[in-house]
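Contents: one structure, followed by commentary.
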Amino acid sequence: MHPILKLVAQRVALGCLLLFAASVLIFAGTTILPGDVAQQILGQAATPENLANLRAELGLNDPPLTRYFSWLGGVMQGDLGTALTNGRDIAESLGDRLSNTLFLAFWAALISVPLAIFLGLLAVRYKDRWPDKLISGVTLTTISIPEFMIGYILIYWISIRFGWFSSVAIINDSMSLGQKLNAIAIPVMVLTLVVLAHMMRMTRAAILNVMQSAYIETAELKGMPMLKIIRKHAFPNAIAPIVNVVMINLAYLVVGVVVVEVVFAYPGMGQYLVDHVAKRDIPVVQACGLIFAAVYIGLNLVADIVSILANPRLRHPK
Amino acid sequence: MTDPLLKVRGLKIGATIYPPGEKSRDIEIVHGVDFDLEKGKVLGLIGESGAGKSTIGLASMAYGRGGVELTGGSVEVNGRDILKSGIRDIRRLRGAEVTYVSQSAAASFNPAKKIMEQVIEAAVLQGKFARREAEDRAVELFRKLGLPDPENIGQRYPHQVSGGQLQRCMTALALCPQPDLVVFDEPTTALDVTTQIDVLAAIKEAIRDTGVAALYITHDLAVVAQVSDHIMVLRMGEMVEYGTVDQIINAPQAEYTQALVSVRSIKHIEKQPTGTPMLKVEGITARYSGTDFDVLRNINVEMYPGQTLAVVGESGSGKSTLARVITGLLPPSAGSITFDGRTLTSNLAQRPRDDLRELQMIYQMADTAMNPRQTVGTIIGRPLEFYFGLKGAEKQRRIQELLDEIELGEGFQDRYPAELSGGQKQRVCIARALAAKPKLIICDEVTSALDPLVADGILKLLLNLQKIEDVAYLFITHDLATVKAIADSIAVMYMGEVVRYGPKSQVLSPPFDDYTDLLLSSVPEMKLGWLEEVIEHRKMESAGN
């Protein structure tokens, strides 16, 4: 077998194992969480008998191991269970929310990833001169401010003072793409500002690292202009670390948007999760956790595989 | 008379250095150098590291490596002073009129691109040839340089060809744009001697056939004598002597040049084995975990107290692995090692402290073998504490004794490794090994990172210490001149086996086996026409077979 196939297969298998481990952790974590969902549902109407009945009905009296495997079995078949609080199918409600979150993440990524790499290249080209310092300064400032703060600042200036975009990012299926984009403009800006610095600095560091190599000197001694050297000789060798940091940030865009979604009242996964944590709705929390874990592991798996494929020694063995 | 191709006048080169803990300051590393190079001629630049030879070579492309700056004088290429040119004009010069071959082709090729793409890049970029033409030219050069499968080797990636082949590809890269001048910067230094001779012959032939002029930079006078018309000897940024190859080799004027020519003239008469063997290596076979071939196969050697066994071979022959097996770092899969009458366990962790003490090591890179944050005193004092429990004044006294033995005086105790020269660092490593009062020191290529004159000093020191301390050396090296200087007995290794073993006089006298013959005849000799003689001799031999 080609060594690359073997390596990739190994990574995929490891990813599956990791996901399994994550499911155990999520289940264990939610099981030891304080609070009682039966108590929550019944509220004022809770009598000892009512509580006992509801617990039995929800299967809360079974041993944890039994509950874990029945949950896992369901997940494997695409059944994430039903929400305890409203009795709706989780997979169905989650589907809408997930696609909203992905929609937001997609546009944020589409802007931030090329921008970060471009700024990184620019910073290398003008290393230690004012463009480099300006780029570093601005991106470091935006990553240092909490994202809800950036959110409110942008709402104040862009939405309230200038009135360009809406401050609330509520979208639904009846809206056209243009309307949707208009609605998410400010959250996309916030997310972009948050993830930009990390990716840009990593791009800069990875390329500067490669720029120390003897083959960059060879290119310089061929009379090649600097930008062309960066593009043709440095960038291809810096892909692996750049892809790694890009993937971590993409994962963040999906998994870490909770705060931004709450600030803008955006109907995504994050909001959904926060709502149901408050209601002690364990199956929903578990389902969200599992999907977040899957996204995270999946994107990092992609980064790993790209790193393997980007290595000419592995791609073209002797 | 026509103008020379390269005319250098009063060239001054400076650099900014950043000494640890001090303010950065500017220093001058080349102090005004003049020379001319006619079209089609080869000038050898020779000197120790730090002499400024690479810096001068790169100055002919108006390039300063790292923080190096060309601060004064003029460098005229084809009549234009390139130090006064703008960056655009300089870019048009680089890769078109002047090209460069570096010491390490392995590092100078981009690992992510095919060889062909990189070989033709400058020629196409500079508009010298169209892509197709450049490719045809590259194939022609590959053929001329004796590369296997010249039609297709360009489609490979750098890691898919050997070091010697890559060095030839680099030469093709430099010749492809049809330059007027090629700067060869130690192009064969990183290669094994048997590879070096082929690359050297290929480079020489290519220079002759294309009529290109060249600056040939090296620290090895014997090598430069084979390819140059003239030689310039440099020392600490100044020209020491300039002359024809014949004059420099056979009638050197400057004292320094005379020292360079007579380097490696240590006469060491082998000692006869006395008493019982101290170290017996019997039937050692070893492999690294995760691999499926033996790097050592059935090794048998013996060592006597106070004597030197030189293990000689090229990279990959297994000589360093043998050292790892003896020290216990790599347990062998078969065979045994007897040291001083007792069998050494193959597992390092189970060796008693006395076994560890009596068997010390010195490494090639003195730099990385010392903790940069410890002073020389601490480094040498550590084995004294560890093995003998010495403390306080007694320890200080012993450290000073050791420093005296390695010919470093007072005041070195408080210095850090970064404040020492390469030769001094290696001396400290020797003192650290001696501090343990060992019976055997394994020296792994201890002189190969050093300049010839410095290396000579280290070898003399080692021989001297052997007399005083009666310590035995297992001396691992690829350099036959070093072997001649220090060995009592020799083991020649080739692909994991000892192919020739015995007292020095016997190993180095004919009749030879094929490999030893190849190895010995590949070592450059300091005489004119040596390269042609060897190549001619080999051609005749292969025709005879």
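The values are calculated or read from the model by the stated rules, or taken from the named source; none is laboratory data. If you're wondering where the values come from, they're calculated on a predicted model, not measured in any experiment. Neighbour counts run over all protein chains shown; Cβ positions are idealised from the backbone, glycine included. In case anyone asks, the SASA skips ligands and DNA or RNA and just uses the protein heavy atoms, side chains included. Shrake-Rupley method; radii C 1.70, N 1.55, O 1.52, S 1.80 Å.
Select from the range B:399-420 the residues that are more than 29 Å from the chain's Cα centre (by Cα) and assigned to a helix (DSSP H, G or I) and list them in ascending order. Even if it seems obvious, please write down each step before you answer.
Within the range B:399-420, the first condition is being more than 29 Å from the chain's Cα centre (by Cα), and the residues that meet it are B:399-401, B:410-411, B:413-414.
Listed by number, the residues that qualify are B:Ile399, B:Gln400, B:Glu401.
Could you look through the range B:459-493, keep only residues that are under 25 Å from B:Ala222 (Cα atoms) and open to solvent by 50 Å² or more (accessible area, probe 1.4 Å), and pick out the one that is nearest to the chain's Cα centre (by Cα)? Result: B:His478. Taking A:Gly268, is it over 19 Å from A:Val124 (Cβ atoms), more than 23 Å from the chain's Cα centre (by Cα) and among the small types (Gly, Ala, Ser)? Answer is no for this residue.
In the range B:240-290, what residues are among the charged types (D, E, K, R) and either modelled with pLDDT of 85 or more or in contact with a Phe, Trp or Tyr (Cβ under 6 Å, 6 or more places away or on another chain) (or both)? Before the answer, list the steps.
We begin by selecting, within the range B:240-290, every residue among the charged types (D, E, K, R); these are B:241, B:246, B:255, B:264, B:267, B:270-271, B:280, B:282, B:287.
Those that are among the charged types (D, E, K, R) and either modelled with pLDDT of 85 or more or in contact with a Phe, Trp or Tyr (Cβ under 6 Å, 6 or more places away or on another chain) (or both): B:Glu241, B:Asp246, B:Glu255, B:Lys280, B:Glu282, B:Arg287.
For the range A:207-230, enumerate the residues that are touching a residue at least 40 places away in the same chain (Cβ under 8 Å) and over 19 Å from B:Ala96 (Cα atoms). It would help to see each step written out before you state the result.
The first filter runs over the range A:207-230 and keeps only residues touching a residue at least 40 places away in the same chain (Cβ under 8 Å), leaving A:207-208, A:211, A:226-227, A:230.
Selection gives A:Ile207, A:Leu208, A:Met211, A:Leu227, A:Ile230.
Residues are listed down the side, and each one gets a yes or a no for (1) buried (at least 22 other Cβ atoms within 10 Å of the Cβ); (2) away from chain B (no Cβ under 14 Å); (3) assigned to a helix (DSSP H, G or I); (4) among the small types (Gly, Ala, Ser):
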residue: A:Ser167; (1), (2), (3), (4): no, yes, no, yes
residue: A:Val195; (1), (2), (3), (4): yes, yes, yes, no
residue: A:Met200; (1), (2), (3), (4): yes, yes, yes, no
residue: A:Ala206; (1), (2), (3), (4): yes, no, yes, yes
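The set of residues from the range B:116-136 being more than 11 Å from every other protein chain (Cβ to nearest Cβ) and free of Cβ contacts under 8 Å to residues at least 40 places away in the same chain comprises B:Met116, B:Ala130, B:Arg131, B:Arg132, B:Glu133, B:Glu135, B:Asp136.
Of the candidates B:Gly50, B:Gly44, the single residue that is assigned to a strand (DSSP E or B) and more than 11 Å from chain A (Cβ to nearest Cβ) is B:Gly44.
Residue count for the range B:139-160 satisfying the condition of being outside any loop (DSSP other than H, G, I, E, B), away from chain A (no Cβ under 14 Å) and of a type outside the set (D, E, K, R): 3. Among residues belonging to the range B:129-183 that are of a type in the set (Val, Ile, Thr) and in contact with a strand residue (DSSP E or B) (Cβ under 9 Å, 6 or more places away or on another chain), point out the one that is surrounded by the fewest Cβ atoms within 10 Å (Cβ to Cβ). So the residue we want is B:Val182.
Among all positions in the range B:424-443, there is no residue which is in a helix (DSSP H, G or I), out of contact with any Gly (no Cβ under 9 Å at 6 or more places or on another chain) and within 25 Å of B:Thr194 (Cα to Cα). Scanning the range A:259-318 for residues that are within 14 Å of another protein chain (Cβ to nearest Cβ) and closer than 29 Å to A:Val188 by Cα turns up A:Val306, A:Ser307. Residues of the range B:78-115 that are surrounded by fewer than 24 Cβ atoms within 10 Å (Cβ to Cβ), within 7 Å of chain A (Cβ to nearest Cβ) and in contact (Cβ under 8 Å) with a residue 60 or more places away in the chain: B:Ala96, B:Ser104.
Any chance you could count how many residues in the range B:383-420 are closer than 15 Å to B:Met365 by Cα and open to solvent by less than 60 Å² (accessible area, probe 1.4 Å)? Give the derivation first.
Initially, the range B:383-420 is screened for residues closer than 15 Å to B:Met365 by Cα, giving B:417-418, B:420.
Okay, now just the ones that are also open to solvent by less than 60 Å² (accessible area, probe 1.4 Å), so B:417, B:420.
Adding up the residues that qualify gives 2.
Mind counting the residues in the range B:53-77 that are away from chain A (no Cβ under 14 Å), among the β-branched types (Val, Ile, Thr) and touching an Asp or Glu at 6+ places or on another chain (Cβ under 8 Å)?
Applying the first criterion (away from chain A (no Cβ under 14 Å)) to the range B:53-77 yields B:53, B:56, B:69-76.
From what's left, among the β-branched types (Val, Ile, Thr): B:56, B:71, B:75.
With touching an Asp or Glu at 6+ places or on another chain (Cβ under 8 Å) added as a condition, the list becomes B:71, B:75.
Number satisfying all stated conditions: 2.
Of all residues in the range B:36-77, those satisfying the criterion of being touching a residue at least 40 places away in the same chain (Cβ under 8 Å), under 21 Å from the mean Cα position of the chain (by Cα) and open to solvent by 50 Å² or more (accessible area, probe 1.4 Å) are B:Ser49, B:Gly50.
Among the residues of the range A:211-240, those identified as more than 9 Å from chain B (Cβ to nearest Cβ) and closer than 13 Å to B:Arg65 by Cα are A:Met211, A:Gln212.
Within the range B:280-334, if we keep just the residues that are among the small types (Gly, Ala, Ser) and part of a strand (DSSP E or B), the residue that is nearest to B:Val446 (Cα to Cα) turns out to be B:Ala310. Just one of the numbered conditions (1) of a type in the set (Phe, Trp, Tyr); (2) within 23 Å of B:Leu322 (Cα to Cα); (3) in contact with a helix residue (DSSP H, G or I) (Cβ under 8 Å, 6 or more places away or on another chain) is not true of B:Tyr515: (3).
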